[in-house]
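Working notes, beginning with the structure itself.
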Amino acid sequence: MISHDSFNSESSSPHYEVEDRGRSCDSREDLETLAEDDSRTEGQLNMDPASTPEQLSVVNEQVLNSSGRSVTAAVSLRRFLCYGSESATYSTRECALGIESALALMQLIEGGRGCEVVEEVRRSNLEGRAVRANPSLFSLAVCSQHADCRTRQVALRALKDLCRTPVQLFTFVQYKKELRQGSGMWGRALRRAVADWYNSQDGMSLAQTVTKCKHRVGWSHQDLLRLSHMKPTNDTVAVVCKYITKGWKGVQEAYGDKENSEDVQKVFAYLEAVEKAKHCTDEQELIHLIEEQRLEKEQILTNHLKSKEVWKALLKEMPIAVLLKHLGRLTANRVLAAGSEDVAAVCERIQDETALKKAKTHPFNILVASENYKRGHGKRSKLKWDPDSDIVQALDCAFSKSISTVEATGKRFLVAVDISSSLSSVTHGSSISTVAVAAAMCLVMAQTEPDAQIVVYSEGSVRPCAVSSDMTFMQVAAQLIQTPGGSTDCALPITWASENDKSVDIFIIFTNNQTFGRENPADILKTYRQKSGVFSKLIVCGLIANSLSVADPEDCGMLDICGFDSQAVDVIRNFALDVF
């Protein structure tokens with residue numbers, strides 16, 4: 001086990017702490033000398049083309065996981081960056097992160113490959129391979145205060161690319177605090193990196209983002225500006241910083257009576273609208289502010305959200321993901337009244353294929369929104385509504401249209417659904433039935449992948465399930481709702497493929513059961529690989545499972561999924577495309 005000491009060294013003797021050099025100084029002269037060394041080193045890193053790290057090799061480095069079996073360190077890191085665990089198990093229940101859950105990360109850094117780790121973190125995020133943001137932020141925090149100077153500098157320079165929202169910035173700073181145990185955290189390098197995060201944005205974008213998210217995980221913008229000794233590099237950012245530190249009154253005193261540039265005037269007007277919206281008592285004036293400055297729900301007081309007209313104003317620019325989430329509430333509050341123009345406008349937006357593609361709305365997300373809306377009540381709240389038939393129809397249409405936005409992987413799939421037990425259970429992580437999840441994924445795979453076959457199986461039997469491009473979701477679901485019987489044997493689909501000479505790159509098995517047959521699917525898969533000459537992969541989705549142990553932890557071609565959610569969809573795609 002690697003201790004905190006490797007990146008959190010402290011001395012009991014009096015000294016000057018220099019967090020971004022990992023050393024201590026006995027005098028002010030020593031401190032200034034180290035600062036000069038830092039500047040020279042950073043300049044060399046920026047100028048040297050060889051300083052760009054290569055992609056991590058997926059072989060050679062080995063690390064012990066919790067089961068004591070060896071796996072490739074780079075693969076373990078990529079799993080961790082993708083979904084927050086080095087094991088071959090993705091769970092819809094996100095766990096707290098710590099050094100003990102990132103052993104591969106620490107091993108690679110201790111092995112002198114910190115810069116490569118940072119580049120892997122950066123690439124994973126920019127290419128959309130990380131389905132959860134926190135593992136990358138945690139990894140960056142670890143790298144940013146390791147003993148190696150070069151690793152620290154590269155990590156902090158990547159901060160602007162990886163922290164795209166205030167929540168991510170606050171989370172990164174909190175991870176640093178936890179890793180440093182609260183001591184010696186705010187060194188010169190971190191102050192500069194945080195200040196650069198604010199200065200790298202234009203004033204209007206910064207005004208929008210800081211007014212929508214003011215604080216999270218114990219940190220606020222005011223905290224970060226104070227601790228980073230932030231000095232704005234342009235006039236528009238200066239206006240926002242004044243607003244954060246001195247409030248609207250401070251902005252008025254500094255800019256209200258001056259002749260400002262056009263850009264400053266825009267930022268000033270936007271912040272003025274945000275402040276007016278807080279104290280506005282006139283509904284029409286508030287609606288005018290929302291429409292004029294495109295204010296969003298997060299900038300409106302809860303009390304104002306009791307107004308139907310305010311919601312209607314917000315609807316005009318509301319992102320699709322937010323709209324889908326609030327359909328039930330909008331119907332319950334009669335903002336979306338049956339047969340109204342507002343319902344017609346919402347239905348048109350939901351079915352806009354271009355908008356769905358731009359928002360990267362996966363069919364599974366629409367399915368969840370549709371099933372939740374059709375239920376007519378909230379999962380935890382007392383909110384109830386009568387589903388509008390036009391909205392229900394629009395959601396069904398949107399689901400079908402969104403399938404065309406899914407990009408094919410080009411792999412050969414065999415999707416197998418276990419019908420040995422009823423598929424009426426509620427899926428962990430999604431609040432919809434397991435048959436809905438299985439039917440949706442079968443339909444998406446059949447319509448987007450050129451070479452995908454669907455089968456159903458129960459004890460001793462595997463049968464092809466015809467799913468065509470012209471079938472509806474309900475028609476596919478009807479084929480999966482059959483009389484259950486027998487026991488579960490997840491090895492059956494692999495055996496069937498072998499006996500029928502089917503070439504398969506990816507096996508995906510959906511099951512409600514957590515107990516399996518006599519045959520070990522991992523062993524049967526290895527036998528299939530030997531016979532077919534194909535390095536086939538296996539994904540077992542335990543839709544109601546809290547834990548699974550099908551995947552061989554030594555085999556990078558196996559993955560267990562506990563429960564199912566929208567992130568599981570991305571994990572499956574990444575796994576199929578050899579991302580980890």
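The values are calculated or read from the model by the stated rules, or taken from the named source; none is laboratory data. Since the model is a prediction, treat every value here as computed from it, not as a measurement. Cβ placement follows ideal geometry from the backbone for every residue including glycine, while neighbour counts extend to all protein chains displayed. With ligands, DNA and RNA removed, areas are computed over all heavy atoms of the protein, side chains included. Shrake-Rupley method; radii C 1.70, N 1.55, O 1.52, S 1.80 Å.
Observations on the model:
- Using C-alpha pairs below 8 Å separated by at least 6 residues, the relative contact order for region 73-238 is 18 percent.
- Mean separation of Cα contacts under 8 Å (6+ apart) over length of region 217-376, as relative contact order %: 13
- Gyration tensor (alpha-carbon) shape descriptor, region 165-230, a/c threshold 1.5: oblate
- Dimensionless Rg/Rh of region 413-577 - Kirkwood Rh, Rg from C-alpha atoms: 0.92
- Sum of -39500 (n - 2.57) over DSSP H runs of 4+, divided by residues of the chain (222 nm, nearest 500): -15000 deg cm²/dmol
- Exposure of residue 534 as accessible area (Å², to 10), given a probe of 1.4 Å and all protein chains: 30
- Within the straight-line cut-off of under 25 Å between alpha carbons, the lysines reachable from residue 177 are 160, 212, 214, 231, sequence neighbours fewer than 8 places apart in one chain being disregarded.
- For residue 384, a cut-off of 17 angstrom between C-alpha atoms picks up these lysines, skipping any fewer than 8 places away in its own chain: 306, 308, 325, 374.
- Take residue 347: with every protein chain present and a 1.4 Å probe, its accessible area is about 10 Å².
- Considering only region 411-542, percent of DSSP beta bridges that pair antiparallel, nearest 5: 20
- Relative compactness, region 318-404, computed as alpha-carbon Rg over 2.2 N^0.38 Å: 1.00
- Hydrodynamic radius of the chain per Kirkwood, over alpha carbon pairs, in Å: 26.8
- For the set 560, 148, 257, solvent exposure ranked by accessible area (probe 1.4 Å, protein chains only) runs largest to smallest as 257, 148, 560.
- Taken per residue, the accessible surface of the chain reaches 46 Å², heavy atoms only and a 1.4 Å probe.
- Computed on protein heavy atoms with a 1.4 Å probe, the accessible areas place 311, 496 in the order 496, 311, largest first.
- Pairwise FRET efficiency - residue 500 versus residue 475, Cβ, R0 = 22 Å, nearest 0.05: 0.30
- Take each peptide in 186-195, 421-430, 361-370, count the other Cβ atoms within 10 Å of every residue, and average; sorted highest first, the result is 361-370, 186-195, 421-430.
- Exposed-loop-free span, longest in the chain, where GluC sites (Glu not before Pro) count as exposed if DSSP calls them loop and at most 16 other C-beta atoms lie within 10 Å: 128-258
- Among the listed pairs 358/411; 360/531; 266/297; 266/316; 297/360; 176/249, those beyond 28 Å (Cα-Cα): 360/531; 176/249
- Over the chain, Cα pairs under 8 Å with separation of 6+ residues give a relative contact order of 12 percent.
- Loop-resident trypsin sites (Lys or Arg not before Pro) (DSSP state other than H, G, I, E or B) in region 353-386 with no more than 10 further Cβ atoms inside 10 Å of their Cβ: 379, 380, 382.
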